[in-house]
1. What residues of the range 23-37 lie in the reach of a label at residue 104, counting those whose backbone N is under 11 Å from a point 7 Å from the Cα along Cα→Cβ?
2. Neighbouring Cβ atoms within 10 Å as the yardstick, rank 38, 44 fewest first.
3. Take peptides 48-61, 4-17 and line them up by average Cβ neighbours within 10 Å, highest first, as a rough protection proxy.
4. Going by Cβ distance under 4.7 Å, what cysteines of the chain have no possible disulfide partner?
5. R0 = 30 Å: FRET efficiency of residue 28 with residue 57, Cβ-based, nearest 0.05?
6. Could you work out [θ]222 nm for the chain from helices alone, using -39500 (n - 2.57) per DSSP H run of at least four and dividing by all its residues? Round to the nearest 500 deg cm²/dmol.
7. Under a Cβ-Cβ cut-off of 14 Å, what is the net charge of the residues other than residue 77 that fall near it, where Lys and Arg count +1 and Asp and Glu count -1?
8. Using alpha carbons only, how many angstrom separate the centre of the range 88-127 from the centre of the range 35-67?
Amino acid sequence: MIYKGSCHCQNVTFEVEAPEVIEADYCNCSICKKSGYLHLIVPLSKFKILKGENMLSKYTFNTGVAKHTFCKVCGIKPFYIPRSNPDGIDVNVNCLDTEGVVVKISEFDGQNWERNVHKVAHKSKEI
């Protein structure tokens, strides 16, 4: 299915191809926990920015591999390039228009990232 999504002010809009039942991960690391991020990692080929790429600001920390993107206007982080899957994209399920869609949420122990990254490293691979 193709899902549409946006930041809060809708200056940034996008679409992502994902299964009818979305399998998302809730991460307990410091940045995800504080931002309320709900992860849907997909191959980059299944993601498209529709509007507002110029409205995005980037934030990196630690290794600099993850490229966190935020809307310059409303501050929402609708998607980013994750450290676990730098060849893919990680979409915030909370930014999708998913009324009526089933979302299955799994816990991911991001506080112990190095020990657990293997559990999500496959998600950006083409099937």
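1. The answer is 23-24, whose backbone nitrogens lie closer than 11 Å to the label point.
2. Least to most surrounded, the residues fall as 44, 38.
3. Descending packing order for the listed peptides: 4-17, 48-61.
4. Flagged as lacking a Cys partner: 29, 95.
5. 0.75
6. Theoretical 222 nm ellipticity from helices: -1500 deg cm²/dmol.
7. +4
8. Between the Cα centres of the range 88-127 and the range 35-67 lies a distance of 13 Å.
Values in this text are rule-based calculations from the coordinates and carry no lab data. These numbers come from a predicted model, not from an experiment. Glycine also receives a Cβ, built like all others from the backbone with ideal geometry; neighbour counts cover every protein chain displayed.
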